[in-house]
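Contents: one structure, followed by commentary.
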Number of protein chains: 2
Amino acid sequence: MGIVVNLDDQRKKPSALDRLGTLIEDDMKAVNQEIIKRMHSPVSLIPELAGHIIAAGGKRLRPMLTLAATKLCGHTGNRQILLATCIEFIHTATLLHDDVVDESELRRGSESANALWGNQASVLVGDFLFSRSFELMVEDGSLDVLKILSSASAILAEGEVMQLLTANDTETSESAYLDVIESKTAILFAAACELGAIIGERPTAEREALRAYGQNLGVAFQVIDDVLDYHAKEESLGKTIGDDFREGKVTLPVILAFRRGNDEEREFWRRTIEDMTQEPGDLARAQGLLEKHGALDDAVERARHYGAIAKDALGLFPESEIKQALLDVVDFCIERAN
Amino acid sequence: MGIVVNLDDQRKKPSALDRLGTLIEDDMKAVNQEIIKRMHSPVSLIPELAGHIIAAGGKRLRPMLTLAATKLCGHTGNRQILLATCIEFIHTATLLHDDVVDESELRRGSESANALWGNQASVLVGDFLFSRSFELMVEDGSLDVLKILSSASAILAEGEVMQLLTANDTETSESAYLDVIESKTAILFAAACELGAIIGERPTAEREALRAYGQNLGVAFQVIDDVLDYHAKEESLGKTIGDDFREGKVTLPVILAFRRGNDEEREFWRRTIEDMTQEPGDLARAQGLLEKHGALDDAVERARHYGAIAKDALGLFPESEIKQALLDVVDFCIERAN
């Protein structure tokens, strides 16, 4: 696959994400401090467990988007610090609840909170972070913000339930898959970006533009995530290859390969994904079938489609360093393999 | 134990809760309709699962408190309908997440959502209801209300985590137990009642009075719940007797019996609650030890103390039917055995 050929090059020079990070460096430091401060609780297991999953890091892409969108909208105050923290807390709560859902052994390269502390603690600390994020929104005091984030949270939960329902169903359509990822992933990207326009008190058209940027970037991001689950090196991805396969998740690569496959191949997908009867060598066979049908490459093509929409959505905004960084991040999310 | 002697009498005449229910009958009907309407989602598993746990019923005590407190405060509009629905959604989300926590087989007399649909669905539908409750608050539009309920939700989650940490620890102190139940149970009772004063736009003293009423009623309610877990008939309680014992929860009856017990008895508690090595006959032995040390009767006495504080808190309000019903509900919660 073309998308990883130039990995070594990317490691030598700063990535688009690094460049975006540099432009919002001070704000991001403030957000990191706010995260530590606001996850505090006298119940020490809470900061301990939340700290584990937050420190494990990830790219903090969602709060970065809020900060960058705010900068794009020319705001010079500091509301974005608290609200970017909200976004990260909602995302972290989702990860903690996903651990229960996914029974994944490895999250972002370290042992999952769930594996270390158990299902119960993951659920409850997730609940705490989620409640805390609403406390922070109330502190910010904007009903507009509260409306966007409470609605995004409800849709996010709907998306997670939809995903549960499509699991193990090899006949899931591409459109049902899209519904799931629009809800479970893209909605929070959309909200994270829209916040920038609200904080900057920009007109509706710019709110909608930033929302569309986030929404389409989120779809592209998730499609690529699903591609990487069959493809990336474990050390660069930070999660076990084949997680989705082992859990019987029906993601875009599988949907494409299933529909393009012959009877015998479909039987394979049904046995492994639907009946969950998996044997050694099955993951390799799955990867072979994805390769045979060009399912990964074509999934990346689909992601590029959404990426293109995301980039056009920013057309309204005048050229600037931060706008260019936001455009480049779209390509980064699609071309990343780490 | 005295508290169940007059059960048959209670069944013949309307209980204090029935009388309270009659006074807020129209509002409660509206709340029940609102619950059905607002738990709707195009993802049909959500209303299905949420409907299961909501229909299983329970007494809807928390939303009733919001309605009654609103009436006590003389409000004649209808904001209380939406906000009582919020309270029930937060409570239901907690029940769904508790199912993961508790692995309880039986909730309110029917199979738990968790047993029927699995951990994952319980967590995610709980998340949906929780998010939806914030959407409803935003619709109501009061930052005061949002502040109270977001803070209550965070404290509630802290309480659940604390409970997790005291599980299996026979040396848990009565004060640590109180901290847990003040957070995990009483805080939502307090918020439910305080909402009445906010909706009725009453002065701070009345807000505080209603909050104190709810807080102390909530503590008494939870202590009695913990007593009933060792005591009530299964059919009248709607949950399996001995759930707490089997899960190694350290509740007030156990705390009292452990501290009053001799070495051999403490060894028994350590084996069953701490090491979770339980044999047939152990629950009966536990009940025998609680009886021997008067632990259940004395726990009920403790509950009466909080009940008395709850009743005095309402002293500010002039006499009325609804006030009397709220006072009587305190006794009902303490004397109930069904």
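Listing for the model above:
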{"item": "Length gained when the stretch A:D169-A:E247 is fully extended (0.36 nm per residue, less Cα-Cα span)", "result": "26.9 nm"}
{"item": "Label spacing, shortest first and in nm, from B:S44 to its equivalents in the remaining copies (7 angstrom along Cα→Cβ)", "result": "5.1"}
{"item": "Inter-copy label distances at B:E174 (7 Å, Cα→Cβ; nm, one decimal)", "result": "6.8"}
{"item": "Inter-part distance where segment B:25-100 and segment B:242-271 are each reduced to a Cα centre, Å", "result": "36 Å"}
{"item": "Residue-by-residue Karplus 3J(HN,Hα) for segment B:33-41, coefficients 6.51, -1.76, 1.60, Hz, glycine and proline x", "result": "5, 5, 4, 4, 5, 7, 8, 5, 8"}
{"item": "Kirkwood hydrodynamic radius over Cα pairs of chain A, then Stokes diffusion coefficient at 10 °C and 1.306 mPa s, in µm²/s", "result": "78 µm²/s"}
{"item": "Dimensions (Å) - the protein assembly as shown, Cα atoms, principal axes, largest first", "result": "78, 56, 42"}
{"item": "Relative contact order of chain B, defined on C-alpha pairs under 8 angstrom at six or more residues apart (%)", "result": "21 percent"}
{"item": "Global geometry of segment A:170-297, whether rounded, prolate or oblate, following the gyration tensor of its Cα atoms and the 1.5 cut on a/c", "result": "prolate"}
{"item": "Segments A:286-292, A:179-185 sorted - mean Cβ within 10 Å per residue, highest first", "result": "A:179-185, A:286-292"}
{"item": "Position B:P203, label points 7 Å along Cα→Cβ, spacing to each other copy in nm (shortest first, one decimal)", "result": "5.0"}
{"item": "Spacing of the two label points (7 Å from each Cα toward its C-beta) at B:D331 and A:A55, in nm", "result": "5.6 nm"}
{"item": "Order of B:D99, B:D331 under a 10 Å beta carbon neighbour criterion, fewest first", "result": "B:D331, B:D99"}
{"item": "Formal net charge of residues neighbouring A:S183 (Cβ-Cβ distance under 10 Å; K, R +1; D, E -1)", "result": "-3"}
{"item": "Residue exposure sequence - A:D27, B:D275, B:D226 - by fewest surrounding Cβ within 10 Å", "result": "B:D275, A:D27, B:D226"}
{"item": "Two-site label geometry, A:A308 and B:D26: point separation in nm, points 7 Å out along Cα→Cβ", "result": "6.1 nm"}
{"item": "Burial ordering of A:K249, A:K59, fewest other beta-carbon atoms within 10 Å first", "result": "A:K59, A:K249"}
{"item": "Point-to-point label distance, B:E321-B:E291, nm (Cα→Cβ direction, 7 Å offset)", "result": "4.4 nm"}
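The numbers here are math on the coordinates, done by the rules we state, and not lab data. All figures in this text were calculated on a predicted structure; none of them were measured in a lab. With ideal geometry, Cβ positions are generated from the backbone for all residues, glycine too; neighbour counts draw on all protein chains shown.
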